[in-house]
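**Student:** A single structure is presented below for examination.
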Amino acid sequence: MERFVLQKNKVKKILIIKLRGIGDVVCSTIVLDNLREEFPNAQIDFLTEKPSSLGLRGLSQINNVLIFDKKSLAERLKLAWKIRKTNYDLVFDFFCNPSSAQITFFSRAKYRIGFPLRGRKYAYNLYGPEERSTWHNAVLHLKVLERFGLETKHQNLLYSLDSKSKSFADKYFDDTFEKNDFVVGICPTGSWASKKCDAEKLAEIAELVIKRFNAKILILWGKGDEADGEKLLGLLKNKTTYAPPTSILEMSALISKCKFLIANDSGPMHISTALCTPVLSIHGPTSPQLQGPFGAKHEWINLPELDCIVCNLLECKRNHECFLNLPIENIMKKIDSLVLKNNLISSKRFR
């Protein structure tokens, strides 16, 4: 497909649509600095769901954050009508499910951009690339901009913390740790059961991190992660702290104060990259090349020789070998690389 160049002088109002997962929404924020530079005077609005909206509200690149309520038909109709009356010139539907396609089509925007998926192509008059699995999730969004003649020199993922959450994290660290403590976060969360690294493996990693860096471990968790977090805590007895109940913004603020984070493929992992906290992500059923942490600061690991790796199954049909069989020495090499390239400690302090 040939590149179509947008008439930028005709674009005064832009709507970006990205629903569902927090991590996916964070990856889509890579377009914001680029769009703001290409359209410095345009109104740029972002449509997402409530949990993902919290990290967008303080971003200077966005004028308005709109909320999609999947549970209320009445609210969705009101939203569609509000979007119609706003008279957007350009809509990017980066989600492209039936609901977002309908909203895009009903917007009557001059430029309606989405992916050419079956049953949804009708909604768009311009299409992003068909080969979506070729690039990292974040990079795919840039490829859409490039297809329409837009510059993509900025590659920043963005997430905004409010002052209340920052103050919470500052106070928690002041009350819990010493000033020079080497605090490492571990987050056992994951939206699928099969994406969660087993507590036994995370405990094995944490014990070596404590020994090698004289570190203190902070277990971070969200609603629904209680059992995973408590199991991990029970396996770790020294230099380990279990975070209190937090909102997603408060958890994110705690992540921002850690030296680095160890996480599954999850929303907190992508938030960590946006907040510039180095992260090691541990992958089993999902592809680190497509869904891993974005940027050179970070590391990922999986077990590529396993015949079922990157199965994309929600439930493991085997024995979770993708996590349990990961060689601990390979994991520690990744952590050493993470620490050294981010200058977290002097190489002379390695034990």
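Throughout, read-outs are computed from the coordinates displayed, never taken from laboratory work. The model shown is predicted, which means the values in this text are computed figures rather than measured ones. All Cβ positions, even for glycine, are placed from backbone atoms using ideal geometry, and neighbour counts span all protein chains on display.
**Student:** Run the numbers for Cys276 and Lys297: contour at 0.36 nm per residue of separation, minus the present Cα-Cα distance, in nm. Please list the in-between numbers first.
**Tutor:** Working: separation 21, 0.36 × 21 = 7.56 nm, distance 0.78 nm.
In short, 6.8 nm is gained.
**Student:** If R0 is 22 Å, what FRET efficiency do you get for Gln289 and Arg76 from their C-beta distance, rounded to 0.05?
**Tutor:** Values: r = 35 Å, r/R0 = 1.58.
Result of the calculation: an efficiency of 0.05.
**Student:** Shifting gears a bit: Apply the Karplus parameterisation 6.51 cos²θ - 1.76 cosθ + 1.60, with θ equal to phi minus 60°, to every residue of region 117-122 and state each ³J(HN,Hα) to the nearest whole Hz, in sequence, with x for glycine and proline.
**Tutor:** Values, residue by residue: 8, 4, x, 10, 4, 4 Hz.
**Student:** How much mean residue ellipticity at 222 nm does the chain get from its helices, if each DSSP H run of length 4 or more adds -39500 (n - 2.57) and you divide by all residues, to the nearest 500 deg cm²/dmol? Working shown, then result.
**Tutor:** Working: 14 runs with 132 residues, N = 351.
For the chain, the value works out to -11000 deg cm²/dmol.
**Student:** Could you tell me the extents of the chain's C-alpha atoms along the three principal axes, largest first, rounded to whole Å?
**Tutor:** Result, largest extent first: 60, 47, 40 Å.
**Student:** Grab the beta carbon distance between Arg84 and Met332, set R0 = 35 Å, and tell me the FRET efficiency rounded to 0.05.
**Tutor:** After rounding to 0.05, the efficiency reads 0.05.
**Student:** Moving on. Over what distance in Å are the Cα centres of region 292-351 and region 119-187 separated?
**Tutor:** Region 292-351 and region 119-187 have Cα centres separated by 20 Å.
**Student:** Give the relative contact order (percent, whole number) for region 1-115; include only Cα pairs under 8 Å separated by 6+ residues.
**Tutor:** Values: 173 pairs, mean separation 31.8, N = 115.
Result for region 1-115 is 28 percent.
**Student:** Tell me the relative contact order for the chain as a rounded percent, counting alpha carbon contacts under 8 Å between residues six or more apart.
**Tutor:** Working: 650 pairs, mean separation 53.7, N = 351.
Relative contact order comes out at 15 percent.
**Student:** Further question on the same structure: Quick check: pseudo-label points 7 Å beyond the Cα along Cα→Cβ at Ser163 and Asn214, how many nm apart are they?
**Tutor:** 3.7
**Student:** Once you keep just the Cα pairs under 8 angstrom separated by 6 or more residues, what percentage relative contact order results for region 164-349?
**Tutor:** Details: 312 pairs, mean separation 41.3, N = 186.
Computed over region 164-349, the figure is 22 percent.
**Student:** Considering only Cα-Cα distances, which of the following residue pairs are longer than 20 Å: Lys153/Lys333; Lys196/Lys341; Lys259/Lys333; Lys18/Lys259; Lys237/Lys341? Please list the in-between numbers first.
**Tutor:** Details: Lys153/Lys333 32 Å; Lys196/Lys341 26 Å; Lys259/Lys333 17 Å; Lys18/Lys259 30 Å; Lys237/Lys341 30 Å.
Check vs 20 Å cut-off fails for Lys153/Lys333; Lys196/Lys341; Lys18/Lys259; Lys237/Lys341.
**Student:** Going by C-beta contacts inside 10 Å, put Lys153, Lys297 in order with the fewest on the left.
**Tutor:** Lowest count first: Lys153, Lys297.
**Student:** Also: Over its Cα atoms, what ratio of radius of gyration to 2.2 N^0.38 Å does region 10-138 give?
**Tutor:** 0.98
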